[in-house]
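The values are calculated or read from the model by the stated rules, or taken from the named source; none is laboratory data. Note that the structure is a prediction, hence the values are computed from the model and not measured. Here the Cβ is made from the backbone with ideal geometry for all residues, glycine too, and neighbour counts use every protein chain on show.
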């Protein structure tokens, strides 16, 4: 599978989100990554369903929505109605992860599960067949622009082994500190989707930066 690039709108100018979405529409980006934070699961508050719905009106690509919130089951249907195509929840925030992933799939969305840097990959072994995507957090979630945590490479490799054993169609996504400098190594370890925020939106030419990312998988 070629690289799926999902630029994170967390790093875009929130006063000009439509402009950022239209740039991504015109670019080689595959998905639009949207981080939803509640100020409880992570120490930050970002956008919710109304903004996702507004983005959906302009986006021509799948919305890759990452819920960094407590008790995400309460909001599955409302994010479906807002326009999410992929909905990722955190292993650490779900009491019954199998049930949550099935509930997401029943709405027609793709179901993702994310793990924080301290969470071992082995906790996913018994649910990985119910997921469409595993998101490895390579920084502590909550803020953009953080430094990549090096042991994330090992976690990607461990996830890739579970993928081979239980779910060959699984997408392995990495979020946090992703750059042109580490993109190829992330792919070599087994990732096939990268979330890039600062690396895209702080570039002088974000569209060109996206092209550069896409070339790393050639």
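Regarding the stretch 156-169, can at least one residue be identified that is within 19 Å of residue 27 (Cβ to Cβ) and either outside any strand (DSSP E or B) or touching a strand residue (DSSP E or B) at 6+ places or on another chain (Cβ under 7 Å) (or both)?
Checking the stretch 156-169: not a single residue is within 19 Å of residue 27 (Cβ to Cβ) and either outside any strand (DSSP E or B) or touching a strand residue (DSSP E or B) at 6+ places or on another chain (Cβ under 7 Å) (or both).
Applying a threshold of 8 Å to beta carbon distances and a minimum spacing of six or more residues, or different chains, the list of pairs starting in the stretch 196-218 at a residue that is at positive phi and buried (at least 21 other Cβ atoms within 10 Å of the Cβ) and ending at one that is at pLDDT below 95 and assigned to a loop (DSSP other than H, G, I, E, B) is empty.
The set of residues in the stretch 172-188 that are crowded, with 21+ Cβ neighbours inside 10 Å, farther than 20 Å from residue 208 by Cβ and modelled with pLDDT of 95 or more comprises 172, 173, 174, 175, 186.
Screening the stretch 27-46 for residues that are touching a helix residue (DSSP H, G or I) at 6+ places or on another chain (Cβ under 7 Å) and modelled with pLDDT of 95 or more and picking the one that is farthest from residue 171 (Cα to Cα) gives 27. Filtering the stretch 51-65 for residues that are modelled with pLDDT under 95 and either assigned to a strand (DSSP E or B) or closer than 15 Å to residue 195 by Cα (or both) leaves an empty set. Which members of the stretch 38-63 meet the condition of being within 17 Å of the chain's Cα centre (by Cα), in contact (Cβ under 8 Å) with a residue 40 or more places away in the chain and closer than 18 Å to residue 19 by Cα? Scanning the stretch 38-63 gives a single hit, 55. Does residue 142 satisfy being within 18 Å of the chain's Cα centre (by Cα), surrounded by fewer than 20 Cβ atoms within 10 Å (Cβ to Cβ) and touching a residue at least 60 places away in the same chain (Cβ under 8 Å)? When the stated conditions are applied, residue 142 passes them. Just the residues that are within 21 Å of residue 40 (Cβ to Cβ) and either out of contact with any helix residue (DSSP H, G or I) (no Cβ under 6 Å at 6 or more places or on another chain) or part of a loop (DSSP other than H, G, I, E, B) (or both), please, taken from the stretch 100-121. Once the filter is applied, which keeps residues that are within 21 Å of residue 40 (Cβ to Cβ) and either out of contact with any helix residue (DSSP H, G or I) (no Cβ under 6 Å at 6 or more places or on another chain) or part of a loop (DSSP other than H, G, I, E, B) (or both), the stretch 100-121 yields 112, 114, 116, 117, 118, 119.
Taken together, the criteria place residue 25 among residues that are in contact (Cβ under 8 Å) with a residue 24 or more places away in the chain, closer than 18 Å to residue 196 by Cβ and surrounded by fewer than 19 Cβ atoms within 10 Å (Cβ to Cβ).
Being assigned to a loop (DSSP other than H, G, I, E, B) and touching a helix residue (DSSP H, G or I) at 6+ places or on another chain (Cβ under 6 Å) is the filter; apply it to the stretch 132-147 and report the residue that is farthest from residue 68 (Cα to Cα).
Kept after step one, since they are assigned to a loop (DSSP other than H, G, I, E, B), are these residues of the stretch 132-147: 132, 138-147.
Filter again for touching a helix residue (DSSP H, G or I) at 6+ places or on another chain (Cβ under 6 Å), leaving 138, 144-145.
Values: 138: 14, 144: 13, 145: 17 Å.
Selected residue: 145.
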